């Protein structure tokens, strides 16, 4: 790697922390970093993006997307939506509508309307809901208590549950 130029980007001191006899260089976003092992040793790396939530020109809050870059607990490349409004803060039901649509327990029969679907029978209920009306316990209670939805969430996001060595320990005890 050949360096074209070096430019000053600030007035703070920069320290090179290195480990003897180790020469790791990682190129990311056009920046070469030396002896960077934090990515490899980290249990979780989440990258958070955000977009504005507006009504016409009025800014109501932000919609965040948590991108799971690396995790030992959550499936990598998962995207977890979170809504935070200036009035009311973090939405209790934040991100669930997207998951419910993907799972199939909610459908959009018409633009701007949502219907719940019974995952056990596959039938859509008669009642249609506006998006604002889905931010209620009344809308979510039946979905969140449904075992099929809970299993879908678990399969979608969870890597494992339980002791990874349990099988090996049981086999050793049998010997």
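Okay, here's what the table says:
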{"read-out": "Kirkwood hydrodynamic radius of the range 93-154, from inverse mean 1/r over distinct Cα pairs, in Å", "value": "11.6"}
{"read-out": "Where only C-alpha atoms are counted, convex hull volume of the range 32-152 per residue in Å³", "value": "151"}
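Throughout, read-outs are computed from the coordinates displayed, never taken from laboratory work. Model, not experiment: these values are computed from the prediction.
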